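The values are calculated or read from the model by the stated rules, or taken from the named source; none is laboratory data. In this text the structure is predicted, and so the values were computed from the model without any measurement. Please note: Cβ atoms are built from the backbone with ideal geometry, for glycine as well, and neighbour counts cover all protein chains shown. In case anyone asks, the SASA skips ligands and DNA or RNA and just uses the protein heavy atoms, side chains included. Shrake-Rupley method; radii C 1.70, N 1.55, O 1.52, S 1.80 Å.
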Amino acid sequence: MKTFAKWLFPLCGTLLAMGAQAQRRTLIFDNDGSELLLNTYWNEQPLTLWQLDSLVDIQRDTQVGTYAICAGSDFFYYRSQYGRLYGDDLDGQIAHGGNEALYRTLKKSYDNAVRLEKEGTDLIRATLTRARKSGMQTMLTLRMNDLHFTDTAIDCPVAYNEWWAAHPELHTGDPSQGWHSAGAYDFAHKEVRDRKVAVIKEQIARYGALTDVYLVDFMRFFCYFRRGEGAKHADDMTQMMREIRQVIQLEGQKAGHPIKLAVRVAPSIGENMEKGLDIRQWLRENLIDLLSVGIHIRIEPNMPIRQLKADLGNDLHVPLYASTDMVTYQENEPVSEGMMRGFCMHALAQGADGVYLFNYFFNDYNRGRYHTEPGGQTCRVPHPRMLHELGSRETLEGRNKIYWLSDGKREYGLRPNTPLPLCVQPQQQAEVSLFVGDRVDSIRPKELILFYRTRQPASLRLWLNGKKAMKMVPDYVSIYNKGVKLQDGEQQYAVRLPAKALRQGDNVLRIENADTASEVTIKRIELALKYGSADTHGYF
């Protein structure tokens, strides 16, 4: 216990300084149910209620105002009439298949669920109860089309929901949209929509007394119809939302307190409508109380919060949250501390009311693997202290951070808000815009560094807001750990920009290809704001 506390609650001078400030509780912290049930935070030890409580306590007395727990999708963390308990093989009646590794993982989760039952509780009840005792608002979430177990090629029948397996005619059968999308439920079928409403009713009836907000998660996964058929079913999906709203209201009355309804969707009206999600109509009919926007798997660093607010106009009368994720780029690189600060500052400065921390796991930190990358300036392992700064512009000001752009990878029809990859012809120029949320007129960074990656050797001239780049700093590539996962022929560069050129809001980076014969393709662009040493002002 002492060892765990040493890792779980370290305090440093920086954190103490933050603690002196009033905590703005504008973070939603989402805990993945399978992560908790497998007990990855405790190295997959047999799960005890004390351990589970300790994991909820991580968020206590931070900027986390809402603790969210995922209730699954077609797999359940409680005894449901719509499917087996997660990992239950019915005492060996269900074949294990050839995927022994997955079966063992599921079996551990099931054993832990049974262990909690023997203590008189379950994963959801225990975490919601503890969160309320810790002074946090509680949120229960449901993944509307989780695709983790919608492919029989994984060869583990214990992972498949019986109803899903028995009704292939209710699947999209369309593999073109993304990972496992052929096995996604097709919401064109009323049976599918009715089943989801029934599951939500069961969960609210069971946990309504402990739930302040129920979130319908459409981003796991963003696939509800065959390609191109979503918009024509928008009325069907809106009717489903009306039914969910009614269920929430009725069960809230039974629970003795109102339960808010939230959704997690894509960050543009058009992309949602392509999937049959008419968020404008939902707002006009007062069907939802909170709107969270994000993308799938890879974080969207240039989240178009400002544009979405403008597009929704007066129809937006509920809080708007920006949703994170934990990897970036096509190579699935973990988002670093500096990147997470940049994302949150970007979203809050563009008008988001808060940040929804999705899949922000502290597993490696709790296992004692918290460390900086080679070079000593960058950390890619999430640390609980970040919960004291990510929810407020005030606590993010003056902290080292990185603003960057997506490299353009698409999944499930989502279009990243980026000009990358960007091809610049010989002796030609191009411009990209980087939004910076920092109030740089008040606190200006001591150093401004541009990192960029190209698909071939490049000779570029660069200007930021009309001010020419100062000098190349090749050693920064290794110091800031920016040369990872280079593909064949790719080059990574670092250049120092004039800090005085930086401004709050949109910053124009002008790029000129100085080569007289060859085009250059820019794959990554990252802008690092260094306010001080990593020890005192945060790792990048």
Taking the convex hull of the Cα atoms, report for the range 312-441 its projected area averaged over all directions, in nm².
-> 11.6
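When ligands, DNA and RNA are left out and all protein chains stay put, how many square angstrom of accessible area per residue does the chain have with a 1.4 Å probe?
On the way: 20430 Å² over 540 residues.
For the chain, the per-residue accessible area is 38 Å².
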Can you give the alpha-carbon Rg of the range 426-540 over 2.2 N^0.38 Å, where N counts its residues?
-> 1.08
Percent of Cα-Cα pairs per 5 Å bin, from 0 to the last occupied bin, for the range 187-299, please list those.
-> 2, 12, 22, 24, 20, 12, 6, 1, 0
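What net charge do the residues around F149 carry, taking every other residue with its C-beta under 13 Å from that of F149, with Lys and Arg at +1 and Asp and Glu at -1?
Details: positive: R84, R143, R220; negative: D74, D146, D151, D155, E162.
Neighbour charge sum, excluding F149 itself: -2.
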Phi to ³J(HN,Hα) by Karplus 6.51 cos²θ - 1.76 cosθ + 1.60 over the range 319-325, Hz, x for Gly, Pro = x, 10, 10, 9, 9, 8, 8
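Given the -39500 (n - 2.57) contribution per DSSP H run of 4+ residues, what per-residue ellipticity at 222 nm results for the chain, rounded to the nearest 500 deg cm²/dmol? Could you put the intermediate results ahead of the total?
Values: 17 runs with 153 residues, N = 540.
Result for the chain, helices only: -8000 deg cm²/dmol.
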In terms of solvent-accessible area of protein heavy atoms at a 1.4 angstrom probe, what is the ranking of M386, M472, highest value first?
-> M472, M386
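Using DSSP to call loops (not H, G, I, E or B), can you name the trypsin sites (Lys or Arg not before Pro) in the range 322-372 whose Cβ has at most 11 other Cβ atoms within 10 angstrom? Numbers along the way, then the final one.
Values: sites: R341, R367, R369; in loops: R367, R369.
The qualifying sites are R369.
What dipole magnitude, in Debye to the nearest 20, does the chain give about its Cα centre under +1 on Lys/Arg Cβ and -1 on Asp/Glu Cβ?
Values: 67 positive and 66 negative charges, 350 e Å.
Magnitude of the dipole: close to 1680 debye.
Which whole number in µm²/s is D for the chain by Stokes-Einstein, with the Kirkwood Rh taken over Cα pairs at 10 °C and 1.306 mPa s? Walk me through the numbers on the way to the answer.
On the way: Rh = 24.4 Å.
Translational D for this selection: 65 µm²/s.
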Taking 0.36 nm per residue of separation between E333 and N43 and subtracting their Cα-Cα distance, the length gained on full extension comes to 102.2 nm
Give the residue from A182, T211, H167 lying farthest towards the positive end of the charge dipole for the range 163-213; charges sit on Cβ (+1 for Lys and Arg, -1 for Asp and Glu) and the dipole is referred to the Cα centre.
-> T211
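Could you list the GluC sites (Glu not before Pro) in the range 86-164 that lie in coil according to DSSP, counting only those with at most 16 other Cβ atoms within 10 Å of their Cβ? If you can, show how the numbers build up before the last one.
Details: sites: E100, E117, E119, E162; in loops: E119.
Answer by residue number: E119.
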Residue span T516 to D315: 0.36 nm per residue of separation minus Cα-Cα distance leaves a gain in nm of 67.2 nm
Measuring from label point to label point, each 7 Å out along Cα→Cβ, what is the D235 to D57 span in nm?
-> 5.5
Tell me which lysines have Cα within less than 26 Å of K309's Cα, excluding those fewer than 8 residues away on the same chain?
-> K232, K260, K275, K401, K409
State the percentage of accessible surface on the range 268-421 attributable to carbon and sulfur atoms; use a 1.4 Å probe and exclude ligands, DNA and RNA.
-> 43
Calculate how steeply helix 190-207 sits against the longest principal axis of the alpha-carbon atoms of the chain, using the helix alpha-carbon long axis, and give the answer as 0 to 90 degrees to the nearest 10.
-> 80
Using a 1.4 Å probe and ignoring any ligands, DNA or RNA, find the accessible area of D289 and quote it in Å² to the nearest 10.
-> 50
Percent relative contact order of the chain, based on C-alpha pairs within less than 8 angstrom and at least six residues apart?
-> 13
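Dividing the alpha-carbon radius of gyration of the range 357-424 by 2.2 N^0.38 Å (N being the number of residues), what value is obtained? It would help to have the intermediate numbers written out before the result.
Details: Rg = 15.8 Å, N = 68, 2.2 N^0.38 = 10.9 Å.
Normalised Rg, Cα atoms only: 1.44.
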Within a Cβ distance under 14 Å of V381, other residues only, what is the Lys/Arg minus Asp/Glu net charge?
-> 0
³J(HN,Hα) across the range 499-516 via Karplus (A = 6.51, B = -1.76, C = 1.60, θ = phi - 60°), whole Hz, x for Gly/Pro?
-> 4, 5, 7, 6, 9, 6, x, 7, 10, 9, 9, 9, 10, 10, 7, 7, 5, 8
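Provide the convex hull volume over Cα atoms per residue for the range 76-143, in Å³.
Numbers: hull volume 7.8 nm³, N = 68.
In the range 76-143, the Cα convex hull volume per residue is 115 Å³.
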Of the residues S518, V508, L486, the Cα lying farthest along the dipole of the range 482-524 towards its positive end, which is defined by charges on the beta carbon of Lys, Arg, Asp and Glu, belongs to V508
